[in-house]
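What follows is one structure encoded as structure tokens, with my remarks underneath.
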Amino acid sequence: MTLLVLFGIFAVTLYTGVPVAWAIAISTLAVIFFGLVPLPPSWFAQQVYGGADSISLAAIPLFLVAGGIMNEGGLTRRIIDLADDLLGWVRGGLGVVNVATCMVYGGITGSATADTGAVGSIMIPAMVERGYPPAFAAAVTAAAGTLGIIIPPSVVMIMYGVLTNTSIGGLFAAGIIPGLMLAITFMLTAWWVGVREGFPKSDTRPTIRSFSKHLLRALPAMLMPIVVLGSMLTGYATTTEAAFVAVVWALLVGGLLYRELTWAAAWKVGIEAVRMTGAIMIIMAVSTPFSWILTVEQIPQWSADLLSASGAGPTVTILLILLLLTFVGTWADLGPSLIILAPIVHPIGIDAGLAPYQLGLIFTVALGIGLFTPPVGTNIFVVCNIAKVGVNAVTWRLIPFFITSNICLLLIAFVPGTTEWLPRLLGF
């Protein structure tokens, strides 16, 4: 009865257009007021406060600010210029440049939407101007934008670490190899499509002089993820401290070195960071009592017992987890999906033999694939708005990227070394 009320009211409120955070809160309060859980309303307030009272969550607004300053301060454009100089002469090279830029930019923002919007606003018009189909330019940006949550730092990994009590530094270390693996497969996919369809390429090959010039201009921006990740992975800084380092670095480079960051741009970055952080923190806060009720009602254990009774072995269980996460990711926003599923799926995955960091990357990549999968892929709507093309046209162009990303997801799920080797090497 408790679960029927909890999920029933949650579904009804969502269907009627209530925001996700309030739908979670209303369904949890309903369980309390109906007397299904013998707790006073003050318990809900205490749990909400405790859900937001985490120093690790303070890293989220800092990384968002760092990414915004990077874009407004001219760092993104310099990275694109360097990548274009190196790879623009390849057939379909601007698609490869797009992925490479998203990879570096994602190593700072930690947000897929920010990565897609910032890189797409520059790369999509540039690709269309050089003769690339607008739908392809939008598709490669939508797929590559997901690298923002896979290559550390990652807002999703921070949320997952807080929800499941998993080391965030270890998750960041675990995300490096899968992130590079996805980036390389996306680059190869963009190149293959470019060769097959005869996309244009630059007639100018890189020279030592041009490469040195672009490298010198982009080096301060490219050093940023190295400094930030290096400070965390070597133990010199916590996640939140490293996020502060990212903001300081972005301010120094964008404001003092490049001199392109204005007060108006800084204000815009701050407003956007506050807006995004507010949405994330409210959901994280109200999810704490929601998850507590799921745990007390033994939903994870019940689900695990149901799988065992059905005769599903570890391999089948892992495949079911992948299908569930990918399906939910296509229909629901990433944050709510993570908050609702993590308390249930995490213990099931551990029982099936998945390692904690491996399971965290499965969550991140599978839900990330949902960001560029219709019907509710957030990244698709972002790029369609920039490229001024229809969703159907972009969806067809995304099929090769969807296939290659799912191959990478299977490797992460069944080859533990892709996620466990580096954290073990670094002592996590």
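Worth pointing out:
- Qualifying residue in region 249-265 (condition: surrounded by fewer than 18 Cβ atoms within 10 Å (Cβ to Cβ), without any contact (Cβ under 8 Å) to a residue 24 or more places away in the chain and among the aromatic types (F, W, Y)): yes
- Which numbered condition V12 fails, given (1) among the β-branched types (V, I, T); (2) exposed (fewer than 14 other Cβ atoms within 10 Å of the Cβ); (3) within 27 Å of the chain's Cα centre (by Cα): (3)
- Any chance A237 is open to solvent by less than 50 Å² (accessible area, probe 1.4 Å), within 24 Å of V96 (Cα to Cα) and within 29 Å of the chain's Cα centre (by Cα): no
- Scanning region 23-50 for residues that are of a type in the set (S, T, N, Q) and either touching a Phe, Trp or Tyr at 6+ places or on another chain (Cβ under 8 Å) or closer than 16 Å to L4 by Cβ (or both) yields S27, T28, Q47.
- Whichever residue in region 87-106 is open to solvent by less than 10 Å² (accessible area, probe 1.4 Å) and modelled with pLDDT under 80 and, among such residues, is nearest to I149 (Cα to Cα): G106
- Filter result for T113 (more than 21 Å from T395 (Cβ to Cβ) and surrounded by fewer than 24 Cβ atoms within 10 Å (Cβ to Cβ)): no
- Answer residue from region 87-101, given it is out of contact with any Ser or Thr (no Cβ under 8 Å at 6 or more places or on another chain) and of a type in the set (G, A, S) and is nearest to G198 (Cα to Cα) among those: G92
- Of everything in region 187-206 that is open to solvent by less than 40 Å² (accessible area, probe 1.4 Å) and of a type in the set (V, I, T), the residue that is nearest to M232 (Cα to Cα) is T189.
- Matching residues in region 23-49 - criterion: being open to solvent by 40 Å² or more (accessible area, probe 1.4 Å), within 14 Å of I282 (Cβ to Cβ) and at pLDDT below 85: Q47, Y49
- Test: residue in region 66-74 that is in contact (Cβ under 8 Å) with a residue 12 or more places away in the chain, open to solvent by 40 Å² or more (accessible area, probe 1.4 Å) and assigned to a helix (DSSP H, G or I): yes
- Every pair of residues 6+ apart whose Cβ atoms lie under 6 Å, when the first sits in region 350-379 and is within 22 Å of G169 (Cα to Cα) and among the polar types (S, T, N, Q) while the second is part of a loop (DSSP other than H, G, I, E, B) and open to solvent by 10 Å² or more (accessible area, probe 1.4 Å): Q358/P416
- For the condition more than 19 Å from L409 (Cα to Cα), modelled with pLDDT under 80 and open to solvent by less than 40 Å² (accessible area, probe 1.4 Å), M284 qualifies.
The values are calculated or read from the model by the stated rules, or taken from the named source; none is laboratory data. What you are looking at is a predicted structure, and each value in this text was computed from that prediction instead of being measured. A quick note on method: Cβ atoms are made from the backbone with ideal geometry, for glycine too, and the neighbour counts reach across all protein chains shown. What goes into the accessible areas is simple: the full protein's heavy atoms, side chains included, and nothing from ligands, DNA or RNA. Shrake-Rupley method; radii C 1.70, N 1.55, O 1.52, S 1.80 Å.
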